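**Student:** Just passing along the structure, written as structure tokens.
The values are calculated or read from the model by the stated rules, or taken from the named source; none is laboratory data. No experiment lies behind these values; they were computed from the predicted model shown. No Cβ is skipped: glycine too gets one built from the backbone with ideal geometry, and neighbour counts run over all protein chains shown. With ligands, DNA and RNA removed, areas are computed over all heavy atoms of the protein, side chains included. Shrake-Rupley method; radii C 1.70, N 1.55, O 1.52, S 1.80 Å.
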Amino acid sequence: MTATAKRNGVQPLVYDLGLLFPVLLLVGMGIVMVYSASSALAIKKFGNGYFFLQKQAMFSLIGIVVLVVFSYIPFRLYRVLVYPVLAAAIAMLVAVVFSGLGVTAGGSARWLQLGPVQFQPSELARLALVIYMAYSMSKKGEQLRDFYVGFLPHFLVLGLFTGLLLVQPDFGSIVIFAALTWIMLFVGGCRITHLLSVVVVLAPMAWLFMTQAEYRVKRLMSFMDPWQYPADEGYQIVHSLMAFGTGGITGAGIGKGYQKLFYLPEPHTDFIFSVVGEELGLIGVMTVILLYGIMLMRGIRIARHAQDRFGSLLAMGITVTLGLQVCTNMGVALGMLPTKGLTLPFLSYGGTSLLINMAAVGIMMNIGARDARC
């Protein structure tokens, strides 16, 4: 620390290279793979094969700026901003459905049209939920073990988000929000009996919800055996598995994949991991998994060594939400989970997802920079 910084009471930020490098490598890899996965689609839709590449490159540059800015914002400031951020996220989710600003695509209204910019509020809502959970749990301390003080309020907030996401509908985000809330309460010290009780109550309700609609039953059946439904409900998973199968050890080569040519739906977003598997093979898949593993392990270390409970819970929540997105997207692409419309962090095309995740990494870097043991 310089003498000037000491006099001013300012702690200069030391960039966490163990966290920064895997994130930047994933972002760079994402630019390449988005172009490879989307060029044919971009020519068909826009007459410009570089359309998605140009936008992803722009989002990546802005994302790096966002990461740097958020890495300098003291993480304790989010204690003051928790309720404004939470209110903004809820207001945006309401606006998607009820304001006339919502944009519908694929049967779901998940985006807000703000002038020339489209924004997906569920991405902000997920980060807002993490900040709220970290603040609330750190404030309540030992009262977290009390049902009415430590357990119920958090699930009421989750219920509010769930209701707003159901209207869109966005079932993938609902699963992530629920798992995030459960894991944070578990790690934070909530009574296991309270957490198990909500599983016992909600599991039958989830099963009834899944079996009430015919299309959901078909989707569940196709998940169990996609090869029995290769032309309809199992189409996505079948072609995703074919992509991994043809990739082999070393892959077909960047740009030489076949399944992205109007066989894989949304190859540049939901199924970009399948394109990686086909074009870069097992080596590319393991490289991506290794980079995510390094990033998540670094997040866990930052959470363990944070100076206070709020910082620890905030870093842990960000790590959990990134890990859940990674595991869910990869699980869907590999046929291990039912199909959900979730992107792969830093790798998939999408400005909102990339910018929010880069902001989240910046927050983690600020938390880690406050403790030399990290």
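**Student:** Plugging the Kirkwood radius over Cα pairs into Stokes-Einstein for the range 19-150, at a temperature of 4 °C and a viscosity of 1.567 mPa s, what D comes out in µm²/s?
**Tutor:** Using the Kirkwood radius from Cα pairs, D works out to 72 µm²/s.
**Student:** Using the Karplus curve 6.51 cos²θ - 1.76 cosθ + 1.60 with θ = phi - 60°, what ³J(HN,Hα) values do you get for each residue of the range 198-210, in whole Hz, with x for Gly and Pro?
**Tutor:** With the stated coefficients, the range 198-210 comes to 5, 5, 4, 6, 7, 4, x, 5, 5, 5, 4, 4, 5 Hz.
**Student:** In a GNM of the chain with a 10 Å cut-off on Cα contacts, which of ASN329, ASN48, ASN357 has the highest mean-square fluctuation?
**Tutor:** Taking springs between Cα atoms under 10 Å, the residue moving most is ASN48.
**Student:** Return the Rg/Rh value of the range 117-252, two decimal places, where both radii are evaluated on C-alpha atoms and Rh is the Kirkwood radius.
**Tutor:** 1.09
**Student:** If you wrap a convex hull around the C-alpha atoms of the range 34-88 and split its volume per residue, what is the figure in Å³?
**Tutor:** That works out to 106 Å³ per residue.
**Student:** Work out the FRET efficiency for MET210 and SER99 from their Cβ-Cβ distance, taking R0 = 30 Å, and round it to the nearest 0.05.
**Tutor:** 0.50
**Student:** I would also like to ask the following. Cα extents of the range 132-179 along the three principal axes, largest first, in whole Å?
**Tutor:** Taking max minus min along each principal axis of the Cα atoms, the range 132-179 gives 36, 17, 14 Å.
**Student:** Here's a follow-up. What is the Cα radius of gyration of the range 244-374 over 2.2 N^0.38 Å, N being its residue count? It would help to have the intermediate numbers written out before the result.
**Tutor:** Values: Rg = 16.5 Å, N = 131, 2.2 N^0.38 = 14.0 Å.
It is 1.18.
**Student:** Report the FRET efficiency, 1/(1 + (r/R0)^6), for TYR148 and TYR72, where r is their Cβ-Cβ distance and R0 is 41 Å, rounded to 0.05.
**Tutor:** The formula returns an efficiency of 0.60 here.
**Student:** Working out 0.36 nm times the residue gap between THR162 and ILE254, then minus their Cα-Cα distance, what length gain in nm do you get to one decimal?
**Tutor:** Computed gain between THR162 and ILE254 is 29.2 nm.
**Student:** If each residue of separation counts as 0.36 nm, what is the full-extension length gain between LEU17 and ARG191 once their alpha-carbon separation is subtracted?
**Tutor:** The span from LEU17 to ARG191 would gain 59.0 nm if fully extended.
**Student:** Using a 1.4 Å probe on the protein heavy atoms, what percent of the accessible area of the chain belongs to carbon and sulfur?
**Tutor:** For the chain, the apolar C and S fraction of the accessible surface comes to 69 percent.
**Student:** Just to check I understand the Karplus step: with θ = phi - 60° and J = 6.51 cos²θ - 1.76 cosθ + 1.60, what whole-Hz values come out for the range 348-362, glycine and proline as x?
**Tutor:** Each residue of the range 348-362 in turn: 6, 5, x, x, 4, 4, 5, 5, 5, 5, 5, 4, 4, 5, x Hz.
**Student:** Please give the peptides 65-75, 141-151 ranked by average Cβ packing (other Cβ atoms within 10 Å per residue), highest first, as a rough proxy for protection.
**Tutor:** Listed from highest to lowest mean packing, they are 65-75, 141-151.
**Student:** Expressed in nm to one decimal, what extension gain is obtained for the pair ALA231 and ARG309 from 0.36 nm per residue of sequence separation less their Cα-Cα distance?
**Tutor:** Stretched out fully, the ALA231 to ARG309 stretch lengthens by 23.0 nm.
**Student:** Given a Förster distance of 30 angstrom, what is the FRET efficiency for ALA40 paired with GLN118, based on the Cβ-Cβ distance and rounded to 0.05?
**Tutor:** Efficiency computed from Cβ-Cβ geometry: 0.85.
**Student:** Using helices alone, what [θ] at 222 nm do you get for the chain, with -39,500 (n - 2.57) per DSSP H run of 4 or more residues, divided over all residues and rounded to the nearest 500? Write down the numbers at each step before the final one.
**Tutor:** Details: 13 runs with 257 residues, N = 374.
So the calculated ellipticity at 222 nm is -23500 deg cm²/dmol.
**Student:** With the other protein chains left in place, how much accessible area per residue, in square angstrom, belongs to the chain at a 1.4 angstrom probe? Write out the running numbers ahead of the final one.
**Tutor:** Values: 17050 Å² over 374 residues.
Averaged over the residues of the chain, the accessible area is 46 Å².
**Student:** For the pair VAL200/ALA91, report the inter-label distance in nm, with labels modelled 7 Å from Cα in the Cβ direction.
**Tutor:** Here the modelled spin labels are 4.2 nm apart.
**Student:** Hey, any idea what the orientation-averaged projected area of the convex hull of the range 78-170's Cα atoms comes to, in nm²?
**Tutor:** The orientation-averaged projected area of the Cα hull of the range 78-170 comes to 6.4 nm².
**Student:** Moving on to the next point. If you project the alpha carbons of the range 211-309 onto their three principal axes, what span does each projection cover, largest first, in Å?
**Tutor:** Taking the Cα atoms of the range 211-309, the three principal extents are 53, 42, 19 Å.
**Student:** Here's something else I'd like to know. Over the range 179-228, one equal point on each Cα, no solvent: what is log10 I(q)/I(0) by the Debye formula at q = 0.30 Å⁻¹?
**Tutor:** The computed values of log10 I(q)/I(0) come out as -1.03.
**Student:** Same structure again: Roughly how many Å² of LYS256 are accessible to a 1.4 Å probe, to the nearest 10?
**Tutor:** In the full protein context, LYS256 sits at about 150 Å².
**Student:** For the range 56-69, what does the Karplus curve 6.51 cos²θ - 1.76 cosθ + 1.60, with θ = phi - 60°, yield as ³J(HN,Hα) per residue in whole Hz, taken in order and with x for Gly and Pro?
**Tutor:** Per residue, the Karplus-derived 3J(HN,Hα) values read 5, 4, 5, 4, 5, 5, 5, x, 5, 4, 4, 4, 4, 4 Hz.
**Student:** Still on this structure, please answer the following. Using a simple spin-label model with points 7 Å from Cα along the Cα→Cβ vector, what separation in nm is obtained for LYS55 and LEU220?
**Tutor:** According to this spin-label approximation, the distance is 3.5 nm.
**Student:** Note the count of lysine pairs whose C-alpha atoms are less than 25 angstrom apart in the chain, limited to pairs 8 or more residues apart or on different chains.
**Tutor:** 13
**Student:** While we're here: Quick one: what do you get for the chain if you divide its Cα Rg by 2.2 N^0.38 Å? Walk me through the numbers on the way to the answer.
**Tutor:** On the way: Rg = 21.0 Å, N = 374, 2.2 N^0.38 = 20.9 Å.
Taking the Cα Rg and dividing by 2.2 N^0.38 Å, one obtains 1.01.
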